[in-house]
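Below is one structure, written out as structure tokens, with a few remarks after it.
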Amino acid sequence: MNDLPPEVWLGLAALVAGWIDAVVGGGGLVQIPALLLGVPGATPAQVLATNKLSSIAGTVSSTATYCRRVRPDLRTAVPMAAVALVGAMGGALIGVHIPKSAFNPIVLVMLVLVGAYTLLKPDLGSVTALRHIGTRHTALAMLTGFAIGVYDGALGPGTGSFLVFTLVGLLGYAFLPATAKAKIVNLATNIGALVVFIPGGHVMWRTGLIMAACNVIGGYAGARTAVARGSGFVRAVFILLVGAFIIRLGWQIVD
């Protein structure tokens with residue numbers, strides 16, 4: 001891969017990230033390391049901003065597919081997305097100044113807890129069984145949406161997975177409808193972060209647009225795969241992905 005132009009394997013990374021992101025979230029944990037390797041002179045803010053530009057393209061594609069085929073309940077998704085957008089704007093302002101490495105141990109702990117909980121609950125996410133209703137349900141969705149939005153704006157990797165886990169573990173959705181709602185919220189957090197990053201001049205446009213085109217293809221393919229295979233498939237990919245993230249982040253911290 002070292003013999004290939006950086007744009008080629010960055011495009012391949014974006015393609016894979018788009019598929020992963022559409023199925024269960026977490027494409028940033030593929031794209032951000034790829035950007036760090038492919039554009040070694042980039043600042044953390046440039047890496048985060050370019051990742052967002054690529055991610056938002058794939059998220060639009062996968063969100064449209066989910067909305068057509070799954071028809072998620074917007075009464076939860078829209079309020080959650082609205083506050084997540086605001087949170088992401090605030091997080092992006094933080095992310096411009098805070099090094100990404102400071103977040104890695106926190107992300108690792110969160111992933112270990114999420115992965116362990118999902119493994120210990122084999123029926124988790126197999127069917128929708130809401131734990132709260134009415135105002136309490138919406139308020140909890142908005143609170144967690146805002147918190148994850150701040151995280152996504154400041155750093156980002158694993159945001160989709162955290163959104164899916166929140167919707168499954170805390171609110172009681174099955175994995176497939178949870179993933180559909182997570183796409184809507186993730187689209188909002190990407191927009192919120194770019195509202196800060198673009199005026200700040202942090203986006204590497206040429207690289208970002210190449211990756212965005214590839215991310216769209218991956219996002220479309222991933223959403224169709226998830227819809228066709230159902231919640232069980234999404235749960236399996238979720239567990240595998242969280243395990244891979246734990247290994248990668250753990251190795252990075254130890255190294």
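Here are a few things to note about the model shown:
- Multiplying the residue separation of residue 195 and residue 78 by 0.36 nm and subtracting their alpha-carbon distance yields 40.3 nm.
- Rounded to the nearest 20 debye, the dipole size of region 6-254 about its Cα centre is 500 debye, using +1 on the Cβ of Lys and Arg and -1 on the Cβ of Asp and Glu.
- Among 241, 209, 120, residue whose mean-square fluctuation peaks in a GNM of the chain (springs only between Cα atoms under 10 Å): 120
- Taking Lys and Arg as +1 and Asp and Glu as -1, the other residues whose beta-carbon sits under 15 Å from that of residue 185 total +1.
- 3J(HN,Hα) along region 168-183, derived from phi through the Karplus expression 6.51 cos²θ - 1.76 cosθ + 1.60 where θ = phi - 60°, amounts to 7, x, 9, 9, x, 7, 6, 4, 5, x, 5, 5, 4, 5, 4, 4 Hz, with x in place of Gly and Pro.
- Taking amide H as placed 1.01 Å from N in the peptide plane, residue 204 has its amide H under 5 Å from the amide H of 50, each at least 5 places away in sequence or on another chain.
No value in this document is a laboratory result; all are computed from the given coordinates. It should be emphasised that the depicted structure is a prediction, and the values quoted were computed from it without experimental measurement. In this analysis, Cβ positions are derived from the backbone assuming ideal geometry, glycine residues included, and neighbour counts consider all displayed protein chains.
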